[in-house]
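The values are calculated or read from the model by the stated rules, or taken from the named source; none is laboratory data. All figures in this text were calculated on a predicted structure; none of them were measured in a lab. With ideal geometry, Cβ positions are generated from the backbone for all residues, glycine too; neighbour counts draw on all protein chains shown. Just so you know, the surface numbers come from the protein's heavy atoms only, side chains and all, with ligands and any DNA or RNA stripped out. Shrake-Rupley method; radii C 1.70, N 1.55, O 1.52, S 1.80 Å.
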Amino acid sequence: MSNGRINLSGNKKKIVSNLVWAVSGKVVNLVGTFILGIIVARYLGVEQYGLMNYVISYAFLFQTLACFGLDSIEVREEAVGKVSFTTIIGTAFWLKVILGVVCICLSIATAIMLGEDSYTVWLIAMYSCYIVFNSFVVIRNYFTSLVQNKYIVLSEIFRTFVGIAIKLAMWAMGCSLEWFVAAFAFDYVLLAGGYISSYRHKIGSLRDWKFSASYARFMLKESFPLLLTNAAVIIYQRIDQVMIGQMVGKAEVGYFSVAARFVEVMIFIPATLTHTISPVLVQLLKQDREVYKAKVQQFMNISVWICILCSIFVSVISYWVVLYTFGEMYLPAAAILQVLSFKMASVALSQAGGTMVVVERLQKWVFFRDILGCVVCVVLNWLLLPRYGAIAAAFVAIAANLAAGYIADAFIPSYHHIFRQQTKALLFGWRDLVHIRKLL
């Protein structure tokens, strides 16, 4: 480090380039999805837009089982290189396909058991098919292990633009709801095609993939703890729309989904700050722990308070934001957005603590954080939704995020120092906003 800057070379430059491609792809996808969401929401109307988001969220819950935590294990094993990558990728792929078929059946069966009407069950069955096509994410994982995000990001950008073009054509032709549900599922077919094309161009033939029963048992055993963690995360982040649809109504899902669209874009800010600072913190921890502690506190202060100020701003202008984007029919979403916008601040606090967990290699206890968030989310939604409607889910989303990413740290001895720094950031972090240029 010289003159306050870290000189990057070799693999470090490769990592930074990888990060730039990943962030670029995320920006394109977020902006494209947001604009398309406005068009589709205006076209379908509150009831149908709510039903579509209910179907998507419902199927997404089952995707967790199909993934089975295999993604992280695949990337790790491919990076280590002790087993042929064709065996790793082939085994992971066929495990995902088998689990995907099981999950499709489960999604349909549970929808019937919950008393959904035949039309909703048909939509869930149709959209759930994407889970099998999502098995080709094993290719994305392989490129990630090679630190070559460029090729997969280009595939994802291609999927975004083609998917938008298809939905705009359907909008122009006046297609019905089921066509839009099918189109959103087809996005994963496009993405799989892009991954396959990138793999064949840069690596080789998919016919070289090999399935190993013994290695499959190893991967399932290694990934099972991650399945539990991922399931807890998915539940407390996505089950709210399913519970709203079940306990309140599909129109309320539409209003909540509109507010959530804005928050998804807002959350990109703390995520970007985290990705930017993480490599710096890793280097500082190796060089000087005291300097690391000071820098991580400064990062936490700045990221949390930037997001608090952004949350306040969006909350104040929520009425006009909803009116001039999604339209007058979605104005009930403004009240939800006034509350849900503060999820951005809770995510900033949670991700700042999560960064310390990863940098300091304290992942052992992360599962307990996620379980607490999951329990808070389900229990509070169950108690409050019938009485207060979708706006209750906005309060619960913030509470669940704080429970998992902040309050839990007070009960885990290894995370007590993180809890102290998070509390200090909440109370006094505003003082560091004037030093934002010194962070990097």
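Name the pairs whose Cβ atoms lie under 9 Å apart, with the first residue in segment 242-257 and touching a residue at least 60 places away in the same chain (Cβ under 8 Å), the second among the basic types (Lys, Arg) and open to solvent by 20 Å² or more (accessible area, probe 1.4 Å), and 6 or more positions between them or separate chains?
Ile244/Lys250
Being part of a helix (DSSP H, G or I) and either farther than 16 Å from Thr144 by Cβ or among the acidic types (Asp, Glu) (or both) is the filter here, so list the residues in segment 83-97 that pass it.
Thr86, Thr87, Gly90, Thr91, Trp94, Leu95, Val97
Could you list, in sequence order, all residues of segment 319-333 that are of a type outside the set (Val, Ile, Thr) and either at pLDDT 95 or above or open to solvent by 30 Å² or more (accessible area, probe 1.4 Å) (or both)?
Tyr319, Trp320, Leu323, Tyr324, Glu328, Met329, Leu331, Pro332
If only one of Gly204, Gly254, Gly249, Gly194 is farther than 19 Å from Leu65 by Cα and at pLDDT 90 or above, which one is it?
None of the other options fit; the residue is Gly254.
Just give me the residues in segment 165-192 being among the small types (Gly, Ala, Ser) and open to solvent by 40 Å² or more (accessible area, probe 1.4 Å), in sequence order.
Ala165, Ala169, Ala172, Gly174, Ser176
Restricting to segment 236-252, name every residue that is within 26 Å of Ile317 (Cα to Cα) and either of a type in the set (Lys, Arg) or touching a Leu at 6+ places or on another chain (Cβ under 7 Å) (or both).
Within segment 236-252, Arg238, Ile244, Lys250 qualify.
The rows are residues; the columns are (1) modelled with pLDDT of 90 or more; (2) closer than 24 Å to Ala260 by Cα; (3) crowded, with 19+ Cβ neighbours inside 10 Å; (4) more than 23 Å from the chain's Cα centre (by Cα).
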{"site": "Tyr54", "(1), (2), (3), (4)": "yes, yes, yes, no"}
{"site": "Gly69", "(1), (2), (3), (4)": "no, no, yes, no"}
{"site": "Val80", "(1), (2), (3), (4)": "no, no, no, yes"}
{"site": "Ile88", "(1), (2), (3), (4)": "no, no, yes, yes"}
{"site": "Phe93", "(1), (2), (3), (4)": "yes, no, yes, no"}
{"site": "Tyr119", "(1), (2), (3), (4)": "yes, no, no, yes"}
{"site": "Val138", "(1), (2), (3), (4)": "no, no, yes, no"}
{"site": "Tyr142", "(1), (2), (3), (4)": "no, no, yes, no"}
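Which count do you get for residues in segment 349-380 that are crowded, with 18+ Cβ neighbours inside 10 Å and within 18 Å of Ile239 (Cα to Cα)?
Going through segment 349-380 one residue at a time, the tally reaches 9.
Can you spot a residue in segment 339-348 that is over 16 Å from Glu264 (Cβ atoms) and either open to solvent by less than 60 Å² (accessible area, probe 1.4 Å) or in a helix (DSSP H, G or I) (or both)? Explain how you work it out, then say what you get.
Pass one, segment 339-348, residues over 16 Å from Glu264 (Cβ atoms): none.
Taking every residue of segment 339-348 in turn, none turns out to be over 16 Å from Glu264 (Cβ atoms) and either open to solvent by less than 60 Å² (accessible area, probe 1.4 Å) or in a helix (DSSP H, G or I) (or both).
Is it the case, given these coordinates, that Ser414 is at pLDDT below 90 and touching a Leu at 6+ places or on another chain (Cβ under 6 Å)?
yes
Can you find, within segment 207-246, the residue that is modelled with the highest pLDDT among those that are of a type in the set (Lys, Arg) and closer than 23 Å to Phe368 by Cβ?
Across segment 207-246, the extreme among qualifying residues is Lys221.
Looking only at segment 372-416, which residues are in contact (Cβ under 8 Å) with a residue 24 or more places away in the chain, in a helix (DSSP H, G or I), of a type outside the set (A, V, I, L, M, F, W, C) and closer than 27 Å to Thr355 by Cα?
Scanning segment 372-416 gives Gly373, Asn401, Gly405, Asp409, Ser414, Tyr415.
Of the conditions (1) modelled with pLDDT of 90 or more; (2) open to solvent by 40 Å² or more (accessible area, probe 1.4 Å); (3) hydrophobic (A, V, I, L, M, F, W, C), Leu154 fails just one. Which one is it?
Here Leu154 meets the rest and fails (1).
If we scan segment 381-397, do we find a residue that is touching a Lys or Arg at 6+ places or on another chain (Cβ under 9 Å) and crowded, with 16+ Cβ neighbours inside 10 Å?
Step one: filter segment 381-397 for residues touching a Lys or Arg at 6+ places or on another chain (Cβ under 9 Å), giving 394, 397.
Now drop any that are not crowded, with 16+ Cβ neighbours inside 10 Å, which leaves 394, 397.
Checking segment 381-397: at least one residue is touching a Lys or Arg at 6+ places or on another chain (Cβ under 9 Å) and crowded, with 16+ Cβ neighbours inside 10 Å.
With Gly37, Gly50, Gly25 as the choices, which residue is in contact with an Asp or Glu (Cβ under 6 Å, 6 or more places away or on another chain), part of a helix (DSSP H, G or I), surrounded by 14 or more Cβ atoms within 10 Å (Cβ to Cβ) and modelled with pLDDT of 60 or more?
Result of the check over Gly37, Gly50, Gly25: Gly25.
When residues of segment 318-335 are filtered for being in a helix (DSSP H, G or I), in contact with a helix residue (DSSP H, G or I) (Cβ under 6 Å, 6 or more places away or on another chain) and not hydrophobic (A, V, I, L, M, F, W, C), how many remain?
The number of residues fulfilling the criteria is 4.
With out of contact with any helix residue (DSSP H, G or I) (no Cβ under 9 Å at 6 or more places or on another chain) and in contact (Cβ under 8 Å) with a residue 12 or more places away in the chain as the only criterion, which of Phe186, Phe224, Phe180 stands out?
Phe224
For segment 377-396, give me the residue count where each residue is of a type in the set (Val, Ile, Thr), closer than 30 Å to Phe224 by Cα and over 19 Å from the mean Cα position of the chain (by Cα). Working first, answer last.
Restricting attention to segment 377-396, the residues satisfying the condition of being of a type in the set (Val, Ile, Thr) are 378-379, 391, 396.
Filter once more, keeping what is closer than 30 Å to Phe224 by Cα: 378-379, 396.
Of the ones still in play, those that are also over 19 Å from the mean Cα position of the chain (by Cα) are 379.
Final tally of qualifying residues: 1.
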